[in-house]
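Participant: Below you'll find the structure I mean.
No lab work stands behind these numbers, since they all come straight from the coordinates. On a predicted model such as this, the values are computed, not experimentally measured, just so you know. We place every Cβ from the backbone using ideal geometry, glycine too, and count neighbours over all the protein chains shown.
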């Protein structure tokens, strides 16, 4: 019997070590091992004890894996270090509540035993991830499914999305824990199901949901590496536009589409580019490739949006179908939630343009090089279920980002891994243009085909293949994940009803 304080230490260390399964480390088998340790202790714990162990595991996981939040608010938001440390701890503690609640529920509702370990623990873990992904605008970071971007379990992404992948990984963790805790037929059952899941993942890779729909598109992705301190300095806009124009000029004759990253024009495009088509480099024959430019779009006197505008030789100004305005904003970075409560934070977070408006309603795909393209800005690509509304009719996807806020931390690597899952979920090429990187091209299988080094000004030239067809995830969103969740929970329901009937 392991003493409680040793359990505490082991569980906390397991949460910390789970970060190694995610990018940039990529040790994806550890995503099965370390939750198995937590589930092993959960299987015999009281509800309060299980909640405490879940909280410790969450503190280790998010305190390490989301440590980049401190970099964002201290180094770039200029919040004093002690206050930044306190706020980051509170944020991590909030995230740790989700595995804590999962632990409490599985122990409170199901008595200790094989059923709790194998069928309840993974279900409540996956439910906790799902709730964390949308509650209070959501923070879907470090989900177990993301760790499998380079494993055979990646093949479940187009079927049930990243939450379905998380459930599968959690089930594998529970099976591993069950094989250790129990003997005889229970161990054989656990080992058989463990192998069956991997075989199912391999077979799922044989399914084809999408296919090419046309010739490749020559695309150029610009990475300006403009320091944040320079980007928002008064009078810097013209210099930055000139830098991106020079980068564009180097590839303008070979490119059908040229993409500038998020906020590449750090001002209202209406003011900074009064005649956009005259401000951009042209080909030798005088024609203009299609440009997608990250900028700010002002509407009226009070509303301004984090936006991407499309400029081509076909239109002198971007029309209604040539502007994408960001919908899912970053709390405290792009807007201030609950201003009466959190308004004081503005005094410390000196983040430029930190009160954007969020665009409401569906926006049409932007047409580039004759193809409809699903555009997203920054961490909108972490919310796969929100992108399904437009990606079905798109030939490929483009995300523009400003990852300079994260510095040289884990966050850019984690974001790139998220993009790999999105590409596989949707069966579409996913290209990223980020100011400081990672600027990359990911194919419809979720494989990174080309990438730029971080923190250097450069241009990535690549060919993107337009795709057509719908994956089950695009068709049904998280419905298949929730159905699988219920299916795996049926044995628990059976035990409940049998107990209620006196069986």
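Participant: So what is the relative contact order for the chain, in percent, with contacts set as C-alpha pairs under 8 Å and at least six apart?
Facilitator: After rounding, I find 17 percent.
Participant: Could you sort 262-273, 85-96 so that the peptide with the highest average Cβ count within 10 Å comes first and the rest follow in order?
Facilitator: Highest mean packing first, the order is 262-273, 85-96.
Participant: A further question on this structure: To the nearest Å, what is the center-to-center distance of region 4-53 and region 456-473, using C-alpha atoms only?
Facilitator: Distance between centres, Cα-based: 36 Å.
Participant: Something else now. How far apart, in nm, are the 7 Å Cα→Cβ label points at residue 203 and residue 246?
Facilitator: Taking the simple label geometry, residue 203 and residue 246 are separated by 5.8 nm.
Participant: Continuing with the same structure: Can you pull the one-decimal nm distance between simple spin-label points at residue 479 and residue 150, each 7 Å off the Cα toward Cβ?
Facilitator: A separation of 3.6 nm, rounded to one decimal place.
Participant: Same structure again: Using the basic label-point model (7 angstrom from Cα toward the beta carbon), what is the residue 189 to residue 450 distance in nanometres?
Facilitator: Spacing of the two 7 Å Cα→Cβ label points: 5.3 nm.
Participant: Take every DSSP beta bridge whose two residues both sit in region 211-470, then give the antiparallel share in percent to the nearest 5.
Facilitator: Percentage antiparallel, nearest 5: 65.
Participant: Only residues of region 392-431 count here: report those whose backbone N is under 11 Å from the spot 7 Å along Cα→Cβ of residue 362, or say none.
Facilitator: What the label zone holds, given the 11 Å backbone N cut-off, is 392-393.
Participant: To test your reading of the geometry: what angle, between 0 and 90 degrees and rounded to tens, separates the Cα axis of helix 81-109 from the longest principal axis of the chain?
Facilitator: 40
Participant: For the chain, give me the percentage of DSSP beta bridges that are antiparallel, rounded to the nearest 5 percent.
Facilitator: Just about 65 percent of them are antiparallel.
Participant: In degrees from 0 to 90, rounded to the nearest 10, what is the angle of the helix 4-18 Cα long axis to the longest principal axis of the chain?
Facilitator: Between helix and principal axis, roughly 30 degrees.
Participant: Quick one: order 432, 475, 116 by neighbouring beta-carbon count within 10 Å, fewest to most.
Facilitator: 475, 116, 432
Participant: Peptides 424-430, 176-182, 51-57: what's the order by average Cβ count within 10 Å, highest mean first?
Facilitator: 424-430, 51-57, 176-182
Participant: A follow-up question, please. Please arrange 213, 151 by counting, for each residue, the other beta carbons lying within 10 Å of its beta carbon, fewest first.
Facilitator: Least to most surrounded, the residues fall as 213, 151.
Participant: Arranged by the count of other C-beta atoms within 10 angstrom, fewest first, what order do 231, 463, 301 take?
Facilitator: By the 10 Å Cβ count, ascending: 301, 463, 231.
Participant: For the ranges 410-421, 379-390, 233-244, what's the packing order if you count other beta-carbon atoms within 10 Å of each residue, average per peptide, and put the highest first?
Facilitator: In decreasing order of mean packing, 410-421, 379-390, 233-244 become 410-421, 379-390, 233-244.
Participant: Now a separate question. Given a cut-off of 17 Å, what percent of all Cα-Cα pairs of region 197-251 lie beyond it?
Facilitator: The calculated P(r) of region 197-251 puts 64 percent of pairs beyond 17 Å.
Participant: If you don't mind, there's one more thing I want to ask. For region 434-478, take the alpha-carbon Rg, divide it by the Kirkwood Rh, and send me Rg/Rh.
Facilitator: Rounded to two decimals, Rg/Rh equals 1.11.
Participant: Follow-up. Per q in 0.13 Å⁻¹, report the Debye log10 I(q)/I(0) for region 211-470, using one uniform scatterer on each alpha carbon and no solvent.
Facilitator: Those come out to -0.78, one per q.
Participant: Helix 30-42 against the longest principal axis of the chain: what's the angle in degrees, Cα atoms only, rounded to the nearest 10?
Facilitator: Tilt relative to the chain: about 40 degrees.
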